[in-house]
Amino acid sequence: MDGDRAPLHELVELKKRFGALLILDEAHAVGVIGAHGGGLTAAENADADVDVQMGTLSKALGASGGYICGSRTLIEWLINRARSFIYSTAPPPAVAAAALAAVDFLSSAEGEERRLLLWDRIILMRELFGQLDVGRWTLGVGRLNVANQRSTLNAQRSSGSGSAIFPWIVGGEQAALSLAAGLQDDGFLVPAIRYPTVAKGAARLRIAVTAAHEEDQIRALCQAIGRHSL
Ligand SMILES: Cc1ncc(COP(=O)(O)O)c(C=O)c1O
């Protein structure tokens, strides 16, 4: 929800200790984290330890639907027993083709360039958002070290830390809706996320940065957030 990362190595340790299966939702990681957007499992070289990887085709891949990767036995079992799979209409061929084209694009040099551009935008957003009172609070004072980020830009672009999601935790639902409406009037689409998606009293705005956002747009958004948060 807030772009925070699962502590994968700790989860793998727990899985091993208790003989459990590990299922990882890579919805926000695919296309963003790891070389060619391979996701968190790929970024942390944990393929052998993650039993089931699931993700959506609707975020970085820009199509719709989702996928599950796992053992052949698991996949056969899901095909035959998963109610949501059996009783849903399959994605239309055009959507499947769009998702396949997106995967091909991500695997290409041009796709990797686009992903690195996204990280440039994420780092700019983190720097500017972190300078705002709301951003400092949300990102956590102390965890944010802008000066250090500049020097570690290349490492961050390739390994990635954080994500393209920036939560602005507001609290009240009405306050979140008003802020979203105010930002929309200024030309920014920032949805208000409310109960039951998040806990009562923890309504927030969810800012999603993409590679298509220009630097000036990110600067203007942060200025607007600064004005609305006064
Ligand atoms: C972590 C996570 N998993 C899965 C999904 C579901 O994605 P979709 O809406 O494409 O089914 C979402 C959607 O926001 C998500 O945030």
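The values are calculated or read from the model by the stated rules, or taken from the named source; none is laboratory data. Here the structure is a predicted model, which is why all the values come from computation and not from measurement. Quick reminder, even Gly has a Cβ in these numbers, built from the backbone with ideal geometry, and neighbours come from all protein chains shown. Areas reflect the complete protein model, heavy atoms only, side chains present, ligands, DNA and RNA absent. Shrake-Rupley method; radii C 1.70, N 1.55, O 1.52, S 1.80 Å.
Among the chymotrypsin sites (Phe, Trp or Tyr not before Pro) in the stretch 15-120, those located in a DSSP loop and surrounded by at most 12 other Cβ atoms within 10 Å of their own Cβ are Tyr87.
Sorted from longest to shortest, the spans of the Cα atoms of the stretch 159-230 along the three principal axes equal 33, 32, 18 Å. Computed over the stretch 1-124, the convex hull of the alpha-carbon atoms projects to a mean area of 8.9 nm².
The calculated pair-distance distribution of the chain uses every alpha carbon pair, bins of 10 angstrom beginning at 0, and gives 7, 27, 33, 25, 8, 0 percent. Here the calculated FRET efficiency for Asp120 and Ala97, from their Cβ-Cβ distance with R0 = 35 Å, stands at 0.75, rounded to the nearest 0.05.
Can you give me the relative contact order of the chain as a percent, contacts being Cα pairs under 8 Å and 6 or more apart? Don't skip to the end; give the middle numbers.
Working: 303 pairs, mean separation 43.3, N = 230.
In percent, rounded to a whole number, it is 19.
Against the chain, whose longest principal axis comes from its Cα atoms, helix 215-228 is set at around 60 degrees. The candidates Ser88, Ser108, Ser163, arranged from most to least accessible area with a 1.4 Å probe in the full protein assembly, appear as Ser88, Ser108, Ser163. Leu21 contributes an accessible area of around 130 Å² to the protein surface, as traced by a 1.4 Å probe with all chains present. Site pair Tyr87 and Lys15 shows an inter-label distance of 2.9 nm when each label is modelled 7 Å from Cα along Cα→Cβ.
Across the stretch 8-107, Cα pairs under 8 Å and at least six residues apart give a relative contact order of 21 percent. Checking every one of the trypsin sites (Lys or Arg not before Pro) in the stretch 162-230 against DSSP loop status and a limit of 13 other Cβ atoms within 10 Å picks out Lys200.
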